[in-house]
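Presented below is the structure to which this report refers.
Readers should treat all values here as calculations from the given coordinates under stated rules, not as data from a laboratory. All values reported here derive from a predicted model rather than from experimental measurement. We place every Cβ from the backbone using ideal geometry, glycine too, and count neighbours over all the protein chains shown.
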Amino acid sequence: MSILSIKDLTYTYQDGAELRYILRDVSYDFEPGRFYAVLGNSGSGKTTLLSLMGALDEPRSGEIFFQGASVKPADYENYRRNHVSIVFQSYNLIPWLTSVENVLVAMDTTDNKLPPDQPTVAANLLEYLGIDRAKSARRVPALSGGEQQRVAIARALATNVDLILADEPTGNLDETSSEEIVQVFKTLAHEHGKCVIVVTHAAEIAREADEVLVLSKGALSAA
Ligand SMILES: Nc1ncnc2c1ncn2[C@@H]1O[C@H](COP(=O)(O)OP(=O)(O)OP(=O)(O)O)[C@@H](O)[C@H]1O
Ligand SMILES: [Mg+2]
């Protein structure tokens, strides 16, 4: 069964007298264990689409389904807390906290059952993502961009969700860090069964994806 289905999603802005369509009847079924890249030019609606899939915003019409069940606006908070994680281009970590503390804060937000001894789990998760114990204990501004994005991915995984969305996750990273982060996403999909959906204009990410979709003129189609 699909983990996430989007059905006839439409999103518009009122532009003076004109109604501008950013997304028009966009539908797709996303499967677990797969790494998807959604490509599109700047302004094509990638962030808008991700916001709808992450229930950060409501479509003008259409629906999203998580594991077959419709996610209505009244369910958005629960969905965000327990079923989906989002990784952003600019990491969005809490700067006055350490890496471990950032991950612990995320763990605190979910109702999902997590293992006991969360500080150890958080540190192990960070270590798995290449952030050793010394770095874990640093406040995040003392980490490089690539390292901060690893912390953000650790945070996304800490709540034990199966759906990871990312908006230009390598946009602020150099080539090497970008490649490493892409490999992390691939591993999460292929070895841990997560559904990973990355929206990006980076062709390098698309090359590594299992499936490439293109967003253009409000429509989503296979590349
Ligand atoms: N509040 C708003 N009012 C009107 N139009 C908006 C508003 N927010 C976004 N838009 C428009 O919606 C379109 C899609 O924006 P979106 O941020 O989803 O694009 P994007 O593909 O993520 O672009 P980028 O690659 O630059 O991040 C753009 O043309 C943008 O100007
Ligand atoms: Mg964007």
Candidate set: region 65-100, residues that are over 17 Å from the mean Cα position of the chain (by Cα) and small (Gly, Ala, Ser); chosen: the one farthest from Asp8 (Cα to Cα): Ser99
Verdict on Lys7 being within 13 Å of ligand 2 (Cβ to nearest atom), under 30 Å from His190 (Cβ atoms), out of contact with any helix residue (DSSP H, G or I) (no Cβ under 9 Å at 6 or more places or on another chain) and not aliphatic (A, V, I, L, M): no
Test: residue in region 19-29 that is among the β-branched types (Val, Ile, Thr), closer than 19 Å to Leu163 by Cβ and within 13 Å of ligand 2 (Cβ to nearest atom): no
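For region 84-101, enumerate the residues that are more than 16 Å from ligand 2 (Cβ to nearest atom), over 21 Å from Asp162 (Cβ atoms) and touching a residue at least 40 places away in the same chain (Cβ under 8 Å).
Here is the first cut: in region 84-101, the ones more than 16 Å from ligand 2 (Cβ to nearest atom) are 84-85, 93-101.
Then keep just the ones that are over 21 Å from Asp162 (Cβ atoms); that gives 93-101.
Leu93, Ile94, Pro95, Trp96, Leu97, Thr98, Ser99, listed by residue number.
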1 or more residues touching a Gly at 6+ places or on another chain (Cβ under 8 Å): qualifying strands (runs of 3 or more DSSP E) within region 1-113: 4-15, 18-30, 84-87
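Rundown of residues vs (1) surrounded by 15 or more Cβ atoms within 10 Å (Cβ to Cβ); (2) within 24 Å of Ala202 (Cβ to Cβ), yes/no style:
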| site | (1), (2) |
| --- | --- |
| Ile6 | yes, yes |
| Asp15 | no, no |
| Ile22 | yes, yes |
| Gly33 | yes, yes |
| Phe66 | yes, no |
| Ala74 | no, no |
| Glu77 | no, no |
| Ile86 | yes, yes |
| Thr98 | yes, no |
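Applying the selection to region 59-85, what residues are in contact with a helix residue (DSSP H, G or I) (Cβ under 7 Å, 6 or more places away or on another chain) and either under 30 Å from Leu173 (Cα atoms) or of a type outside the set (A, V, I, L, M) (or both)?
Taking region 59-85 first, the residues in contact with a helix residue (DSSP H, G or I) (Cβ under 7 Å, 6 or more places away or on another chain) are 59, 64, 66, 71, 81, 85.
Matches in region 59-85: Pro59, Phe66, Arg81, Ser85.
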Subset tally (residues that are free of Cβ contacts under 8 Å to residues at least 40 places away in the same chain and away from ligand 1 (no atom under 13 Å from the Cβ)) for region 29-63: 3
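Quick grid of which residues meet (1) within 16 Å of ligand 1 (Cβ to nearest atom); (2) of a type in the set (A, V, I, L, M, F, W, C); (3) closer than 22 Å to Pro32 by Cα:
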site: Tyr128; (1), (2), (3): no, no, yes
site: Glu175; (1), (2), (3): no, no, no
site: Val182; (1), (2), (3): no, yes, yes
site: Phe185; (1), (2), (3): no, yes, yes
site: Val196; (1), (2), (3): no, yes, yes
Exclusive hit being away from ligand 1 (no atom under 16 Å from the Cβ), of a type in the set (D, E, K, R) and without any contact (Cβ under 8 Å) to a residue 24 or more places away in the chain, set Arg139, Arg133: Arg133
